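Report on the following structure.
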Amino acid sequence: DLSVPPSGVSCSGCGAELQCAASGAPGFVPAHKYRGLLSEGPAALRGAVCQRCWALEHYGSALRLRLPPEQHRRVLSEALRRPPRHGRAPLLLYVLDLMELPDPLLPQLPALLGPDVPAAGVLVVGNKVDLLPADCRGHLGRLRQRVAAACARAGLRGGALVDIRLLSAKTGYGVEGLVSRLQRSWKCAGDVYLLGATNSGKSTLFNTLLRSDYCKSRAPDIIDRATVSPWPGTTLNLLKFPIINPTCDRIFRRQERLKEEATKTEDQLNSEEKKYLNQLKKQGYLVGEVGRTFQQQKPSTEIDFDPDMLSYSIDEDPRDTPKKHEEREEFTQNEVKDARWCFDTPGIVKEDCVLNLLTEKEVKLVLPSHAIVPRTFILKPGMVLFLAALGRIDYLEGEKSAWFSVLASNLLPVHVTTLSNVDTIYEKHAEFLKVPMGGEERMKEFPPLVPQDITLKGIGTSEAVADIKLSSAGWVAVTAHEEEELLLRAYTPKGTALVVREPPLLPYISAVRGARIPGTPAYRTKKPPSFVENLRTSGSR
């Protein structure tokens with residue numbers, strides 16, 4: 001309905017301004033629904049979501065809406081260039097996907113901020129740690145060192161880099177530690193902005209913090225969760241919640257709760273808690289419970305009983321009780337007049353990312369949603385490894401066999417063949433390689449695979465020399481005999497990034513495997529056990 005002006009109210013899921021004039025623009029709500037919400041009053045519109053967020057939330061389906069990359073950057077840049085509130089520059093929480101190291105946008109952060117952007121510092125959050133299998137003792141410390149090295153290369157060091165935290169916004173691992181760190185050092189000094197690339201997990205972290213001790217006690221009942229989906233660029237504008245003031249009393253009560261929870265074992269959890277914990281264990285290797293110390297006590301609801309509404313004669317149909325409109329809770333002026341806010345911002349688009357080439361169904365297969373199970377293969381010269389049809393590695397020259405460990409979504413197929421059969425396999429990708437989907441017609445429009453030659457020298461059969469990162473589809477850790485020189489040729493779709501990561505992220509990953517499968521180059525897979533944070537092991541004291 002072109003006659004209805006924009007609402008001036010943001011979608012509670014993605015932050016776009018709600019409107020009913022343009023179905024292809026951000027924030028669209030069908031006109032009949034939009035007018036119905038307006039008739040219910042301003043509060044009804046404030047709790048509404050746009051058609052796109054509704055489809056993502058209820059059907060997991062992304063309506064085709066892509067904003068230009070510069071628009072995401074403009075929204076972020078304008079937000080960060082606001083004059084400091086309360087006389088204090090904001091703290092920036094940069095959310096980094098550990099699987100994307102070296103993060104392509106981290107070096108751009110100083111330029112994005114610019115000299116005129118006031119910031120109290122950057123706290124870097126290494127997210128999705130739950131998806132990575134432990135390749136040896138102390139692997140988390142090594143991952144933190146890898147993030148620190150990436151920050152140093154990007155020019156983030158000294159006072160500009162506040163801290164580095166590893167966590168999982170999805171399973172909750174490390175989140176309580178992040179909340180404690182923020183409340184202990186940042187307190188309630190100023191606003192906090194979540195920054196990062198698309199699909200780094202900013203909105204998931206925003207939702208997790210919204211259900212933690214970091215937000216005001218009434219905020220989870222008033223502020224809706226951000227829309228989360230695998231589709232890049234789900235958040236289109238700013239979302240926010242008010243940060244709780246961590247007084248000495250609140251910090252003490254919070255620490256008491258954490259101490260009490262740390263004495264529990266899995267056996268002491270109730271059935272619902274055990275069910276939820278087991279679900280998280282299937283999703284990630286590292287799990288942590290995020291609790292709330294300061295919860296708003298809800299008054300008990302009174303039920304109006306009207307016997308006349310329940311009585312009807314045998315000749316009458318039952319009458320439906322008219323539903324009362326449920327009043328939406330709002331913050332009082334006193335609650336927010338001096339509040340500091342935590343903002344979720346639009347993700348910065350990675351321009352050379354393979355996800356930009358994929359359909360919605362393909363993105364769901366490529367992005368890992370559960371703990372990655374490493375798949376290791378032993379290849380001789382003249383053999384080829386396919387990761388779906390999104391990446392390929394040819395072992396061209398070498399004296400001995402080498403080990404290739406694939407770390408990617410468990411739903412992506414890996415196929416090993418020979419150089420003589422490689423063209424035949426690629427032509428039959430629909431049967432063997434799964435992504436892209438759609439047969440010959442889809443492949444005609446999909447960019448061709450472009451080669452890059454790589455020379456590596458092995459450092460021993462127990463330690464990988466490098467990772468070959470096939471854009472955002474995953475990576476292959478290469479392990480070879482000491483001093484053994486390998487000539488490889490790696491392929492990714494034209495326009496996407498292929499990175500040789502040295503040193504590798506998980507150098508000892510080839511050891512996380514079962515026995516060799518007879519007659520094949522593959523080893524049986526082996527999934528390491530999950531670890532639950534802040535929960536005592538049964539039998540320990």
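Just one residue in the set Ala511, Ala466 is closer than 30 Å to Gly138 by Cα, of a type outside the set (Val, Ile, Thr) and open to solvent by 30 Å² or more (accessible area, probe 1.4 Å); that residue is Ala511.
Within the span defined as the range 126-135, one or more residues are part of a strand (DSSP E or B) and open to solvent by less than 10 Å² (accessible area, probe 1.4 Å).
Residues checked against (1) without any contact (Cβ under 8 Å) to a residue 24 or more places away in the chain; (2) acidic (Asp, Glu); (3) closer than 19 Å to Phe241 by Cα; (4) not in a loop (DSSP other than H, G, I, E, B):
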residue	(1), (2), (3), (4)
Ser12	no, no, yes, no
Gly15	no, no, yes, no
His32	yes, no, no, yes
Arg35	no, no, no, yes
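As a summary of the residue check, Leu433 satisfies the conditions (1) open to solvent by 10 Å² or more (accessible area, probe 1.4 Å); (2) of a type in the set (A, V, I, L, M, F, W, C); (3) in contact (Cβ under 8 Å) with a residue 24 or more places away in the chain except for the one numbered (1). The residue that is surrounded by the most Cβ atoms within 10 Å (Cβ to Cβ), among those in the range 251-290 that are modelled with pLDDT of 90 or more and of a type in the set (Gly, Ala, Ser), is Gly284.
Per the listing Gly514, Gly495, Gly460, the residue uniquely in contact with a strand residue (DSSP E or B) (Cβ under 7 Å, 6 or more places away or on another chain) and outside any strand (DSSP E or B) is Gly514. Of all residues in the range 98-123, those that are within 19 Å of Asp352 (Cα to Cα) have Cβ atoms under 9 Å from Cβ atoms of residues that are modelled with pLDDT under 80 and open to solvent by 10 Å² or more (accessible area, probe 1.4 Å), 6 or more apart or on another chain, in Leu105/Leu112; Leu112/Arg73; Leu112/Ser77. What about Val416, is it open to solvent by 30 Å² or more (accessible area, probe 1.4 Å), in a strand (DSSP E or B), assigned by the TED database to the domain that holds Pro504 and not charged (D, E, K, R)? In short, yes.
Being more than 13 Å from Ile454 (Cα to Cα) and either open to solvent by 10 Å² or more (accessible area, probe 1.4 Å) or at pLDDT below 95 (or both) is the filter here; which residues of the range 475-488 pass it? Once the filter is applied, which keeps residues that are more than 13 Å from Ile454 (Cα to Cα) and either open to solvent by 10 Å² or more (accessible area, probe 1.4 Å) or at pLDDT below 95 (or both), the range 475-488 yields His481, Glu482, Glu483, Glu484.
The values are calculated or read from the model by the stated rules, or taken from the named source; none is laboratory data. No experiment lies behind these values; they were computed from the predicted model shown. Reconstructed Cβ throughout: ideal geometry from the backbone, glycine too, with neighbour counts over all protein chains shown. When the accessible area is computed, the model is the full protein with side chains, heavy atoms only, and any ligands, DNA or RNA have been set aside. Shrake-Rupley method; radii C 1.70, N 1.55, O 1.52, S 1.80 Å.
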